[in-house]
Structures are given as structure tokens and as C-alpha cells.
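Engineer: Here it is, the structure in full.
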Amino acid sequence: MLEPIHEYYNRYDEEGRLSFFPDSTYDMTLLLGPMYHLFSESDKLQALREALRVTKAGGLLFASYCISDASILDHGFKRGHIFELIDKDMVETGGFKAFSKPIDVFELHRKEDIDALMSHFSGKRLHYVATDLYTNHMRSIIDEMDERTFDLYLKYHFAICERPDMMGITHHSLDIFRKE
């Protein structure tokens, strides 16, 4: 009989590792959500460390992040909450860096934050992708597109989703990293 899932996933060893996953086991490891909800640098590094620990040399790590600038644009300016965010010290007005706390549920990042986290690990970034780009900002328009227009929009999206000048407008990014 299988144990309840919460019993299975709460097995940490003395170093905080999920020791039931052996080292260097998987060709590919997915972190498609945890980085959204980890607020301390040590927790983020531990999650990345564990993901890389279970990934074979030469294997791939896919890590997704919520990006701050799209949230500032959408929730702050578009929905009219920018001054509330500033008053709560969630956005500073010098460089418009966003700050999250666990009560906010989602941790927001910029690419330079992700670069700083990944600089602790040996490997090579293969791709850094803005997964939704401007799509979240224009959902209703996309919902109304005919198939031909939508196909062209997807072609456009895939053509620009790795352009560095487009990264700030995406709500989500995907970092694809090869472990050495």
C-alpha cells in the first residue's frame, strides 16, 4: 500500500535533503513552481541544489520563475495598485524593484536575481525563455483570434521569446540549465 503523499514528501535527512531521491538519477529535473513560493535565498539555493543533486551529469534542469516587472505593470499600473504597492514597500521607485514576503504567496524575480542564484552552480544555461511574454497582458484579444491569426501569433512568440529586450514583460520565465 502506498503511503499518503504528504508522508512521502516530508522525508528530509539531517542536511535538509529529500534523501529518498538518489543522487544523479534523472536525465531531467523540473522545478515548475517551487521557485514561485520560496522567499529566502537559502531556501531557493537549497531547492536548486537538491534539483541538481538528483540530476545526472549532462542532465537538464528546468526552473520556472514569476517575473516582477510584468506584475508591476499588470497589478500595479493596469489595475491601479501601484501606490499601494509603494506604500507597503513592495515596490521601490528608484529602479522599480519588487519585494515579496511569504504573506504575498508569490516571490517575484528579475533575470539578474536568477543569474545570481545560478552563479552558485556549475553548468551551462542553454535557454532562458520568456514563456508568456505579452500574452497575459492581452488575454481577451488572444481568446478572440481566429486560428490563422493565432498560429501567426505563436510563430511570433517563439521567434522572440529568448530576446533579452523582451524578458521584462513576461509573467513567467523558464531557465533551462545543463548540469556539468
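The values are calculated or read from the model by the stated rules, or taken from the named source; none is laboratory data. Source: prediction; values computed, not measured. Cβ atoms come from the backbone with ideal geometry, glycine included; neighbour counts cover every protein chain shown.
Engineer: What's the total number of residues in the stretch 115-174 that are hydroxyl-bearing (Ser, Thr, Tyr) and farther than 26 Å from Pro34 by Cβ?
Structural biologist: Taking the stretch 115-174 and keeping what is hydroxyl-bearing (Ser, Thr, Tyr), we get 119, 122, 128, 131, 134-135, 140, 149, 153, 156, 170, 173.
Next, only the ones that are farther than 26 Å from Pro34 by Cβ stay: 140, 149, 153, 156.
Matching residues across the stretch 115-174 total 4.
Yes/no per residue for (1) surrounded by 13 or more Cβ atoms within 10 Å (Cβ to Cβ); (2) within 30 Å of Tyr26 (Cβ to Cβ); (3) out of contact with any strand residue (DSSP E or B) (no Cβ under 6 Å at 6 or more places or on another chain):
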site	(1), (2), (3)
His120	no, yes, yes
Leu152	no, no, yes
Tyr156	no, no, yes
Thr170	yes, yes, no
Phe177	yes, yes, no
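Engineer: Looking at the stretch 134-153, can you tell me whether even one residue there is part of a helix (DSSP H, G or I), within 30 Å of Leu52 (Cα to Cα) and of a type in the set (A, V, I, L, M, F, W, C)? So that I can check it myself, show each step before the final result.
Structural biologist: Going through the stretch 134-153, the residues part of a helix (DSSP H, G or I) turn out to be 135-144, 147-153.
Narrowing further to those that are within 30 Å of Leu52 (Cα to Cα): none.
No; the residues of the stretch 134-153 include none that is part of a helix (DSSP H, G or I), within 30 Å of Leu52 (Cα to Cα) and of a type in the set (A, V, I, L, M, F, W, C).
Engineer: Quick check: is even one residue across the stretch 98-108 among the acidic types (Asp, Glu), assigned to a loop (DSSP other than H, G, I, E, B) and at pLDDT 95 or above?
Structural biologist: Keep residues of the stretch 98-108 that are among the acidic types (Asp, Glu), which gives 104, 107.
Those left that are additionally assigned to a loop (DSSP other than H, G, I, E, B): 107.
Those left that are additionally at pLDDT 95 or above: 107.
Looking through the stretch 98-108, at least one residue is among the acidic types (Asp, Glu), assigned to a loop (DSSP other than H, G, I, E, B) and at pLDDT 95 or above.
Engineer: Can you give me the number of residues within the stretch 77-112 that are within 19 Å of Leu174 (Cα to Cα) and without any contact (Cβ under 8 Å) to a residue 12 or more places away in the chain?
Structural biologist: Within the stretch 77-112, residues that are within 19 Å of Leu174 (Cα to Cα) and without any contact (Cβ under 8 Å) to a residue 12 or more places away in the chain number 1.
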